[in-house]
Amino acid sequence: MRAITGIIGLAALTVSAALAVGEQPTGTDQDKQAIIALEKAWDDAGPARDIAAYQRVLADDFIGQWADGTSSNKAETIESLRTSDHYDAVTPGEMNVRFFNGIAVVNGRFSERAVSAGQDLTGKYAFTDVWIKRNGTWQCVAFQSTRYSTAGP
């Protein structure tokens, strides 16, 4: 009897794992449009120093990995926005949005004109954002960028 219970348990675990691996990405067109709008709001919030927009867009457990090798949490990111020397413009480029069970992954590119702490950050960047839908609201939990050109927008 114990062997049969073990086999049934193993079979259930195997089926669950197979279903998890075979799951298709989920997300409606409405979700995709919401994510694109949030990405744009985030792009616009930097040059405008819109702290309230950053508060809405970034999750409390947000971690950003920036192209200069630094990282920051939500509070540090907002403080950097508040105190940065100069943040002129962000020009969004191509974006690819994919969904996986309440998670959206965005890969894209943007151009930026900015100077911070005396360092010229003007250039072109590739990025990955991870968004989580919590209580019906999308928020960014992770950001990573890589500078691929020093040419401006």
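The values are calculated or read from the model by the stated rules, or taken from the named source; none is laboratory data. The structure displayed is predicted, hence computed values, not measured ones. Heads up, the Cβs are rebuilt from the backbone with ideal geometry, glycines too, and the neighbour counts pull from every protein chain shown.
Observations
- Test: residue in the range 72-90 that is outside any helix (DSSP H, G or I) and modelled with pLDDT of 95 or more: yes
- Cross-chain or 6+ apart pairs with Cβ under 9 Å, the range 110-122 first and over 11 Å from ARG147 (Cβ atoms), then small (Gly, Ala, Ser) and in a loop (DSSP other than H, G, I, E, B): ARG113/GLY152; ALA114/SER84; VAL115/SER84; SER116/SER84; ALA117/SER84
- Of the residues making up the range 8-47, those that are exposed (fewer than 11 other Cβ atoms within 10 Å of the Cβ), of a type outside the set (Val, Ile, Thr) and modelled with pLDDT under 90 number 13.
To keep it simple, each residue is scored yes or no on (1) crowded, with 18+ Cβ neighbours inside 10 Å; (2) among the small types (Gly, Ala, Ser); (3) under 21 Å from ASP29 (Cβ atoms).
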{"position": "TYR54", "(1), (2), (3)": "yes, no, no"}
{"position": "ALA67", "(1), (2), (3)": "no, yes, no"}
{"position": "THR70", "(1), (2), (3)": "no, no, no"}
{"position": "ASN73", "(1), (2), (3)": "no, no, no"}
{"position": "ALA114", "(1), (2), (3)": "yes, yes, no"}
{"position": "GLN119", "(1), (2), (3)": "no, no, no"}
{"position": "GLY123", "(1), (2), (3)": "yes, yes, no"}
{"position": "ALA151", "(1), (2), (3)": "no, yes, no"}
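- Pairs meeting the criteria (first residue in the range 64-86 and more than 19 Å from VAL130 (Cα to Cα), second residue assigned to a helix (DSSP H, G or I) and modelled with pLDDT of 90 or more, beta carbons under 9 Å, at least 6 apart or on different chains) are LEU81/ALA45; LEU81/ILE51; LEU81/TYR54; ARG82/ILE51.
- Residues of the range 125-149 that are among the hydroxyl-bearing types (Ser, Thr, Tyr) and either surrounded by 14 or more Cβ atoms within 10 Å (Cβ to Cβ) or modelled with pLDDT under 85 (or both): TYR125, THR128, SER145, SER149.
- Long-range neighbours under 6 Å by Cβ, at least six apart or interchain, first residue farther than 16 Å from ALA75 by Cβ within the range 46-62, second among the small types (Gly, Ala, Ser): PRO47/ALA89
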